[in-house]
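Worksheet: one structure, shown below.
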Amino acid sequence: MIEDKVRGFILEEFSSEAAGTALTNDFPLLERQVIDSLGLFHLVGYLEDEFGVEILDEELIPQNFGTISDIARLVREKETYAARG
């Protein structure tokens, strides 16, 4: 499941920022500063490698990266688009 993989990556890579939080699918990652701007680029690289999607610069908006659910939705949309390709 995309959400579980993303959650695992965040916990592993941003453990100090995520310490003591329950990273539910709707936890506000950007608002609570679990992921900062540099971390966002690290996360994008992971998503592109792990799921074989390309995330465009104009997609780097809070609506796509605010929560784990938002990230999973973006990845699913990108996978669906690529499959139609």
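Each value in this text was obtained by applying a stated rule to the coordinates, not by laboratory testing. Quantities reported herein were computed from a predicted structural model and do not represent experimental measurements. All Cβ positions, even for glycine, are placed from backbone atoms using ideal geometry, and neighbour counts span all protein chains on display.
Given 0.36 nm per residue, what is the gain on full extension from LEU38 to SER16 after removing their alpha carbon distance, in nm? Walk me through the numbers on the way to the answer.
Details: separation 22, 0.36 × 22 = 7.92 nm, distance 1.49 nm.
Length difference between fully extended and current span is 6.4 nm.
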Checklist entry - Using helices alone, what [θ] at 222 nm do you get for the chain, with -39,500 (n - 2.57) per DSSP H run of 4 or more residues, divided over all residues and rounded to the nearest 500? => result -18000 deg cm²/dmol
Next on the checklist: Among HIS42, PHE27, ILE10, whose Cα projects farthest towards the positive end of the dipole of the chain, with charges put on the beta-carbon of Lys, Arg (+1) and Asp, Glu (-1)?
Outcome noted: PHE27
Item to check | In nm, spacing of pseudo-spin labels at LEU30 and GLU77 (7 Å Cα→C-beta vector) | outcome: 1.2 nm
Checklist entry - What angle do you read, to the nearest 10 degrees and between 0 and 90, between the alpha-carbon axis of helix 68-84 and the longest principal axis of the chain? => result 10 degrees
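For the peptides 2-15, 24-37, 50-63, what is the packing order when you average, over each peptide's residues, the other Cβ atoms within 10 Å and list the highest mean first? Don't skip to the answer; put the middle values down first.
Details: 2-15: 16.1, 24-37: 14.5, 50-63: 12.3.
Put in order of decreasing packing, that is 2-15, 24-37, 50-63.
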Item to check | Gained length - ASP4 relative to GLU54, 0.36 nm times residue gap less alpha-carbon distance | outcome: 16.0 nm
Checklist entry - What angle do you read, to the nearest 10 degrees and between 0 and 90, between the alpha-carbon axis of helix 2-13 and the longest principal axis of the chain? => result 50 degrees
Checklist outcome for this item: Taking Cα atoms only, helix 37-51 is inclined relative to the longest principal axis of the chain by an angle, in degrees rounded to 10, of 50 degrees
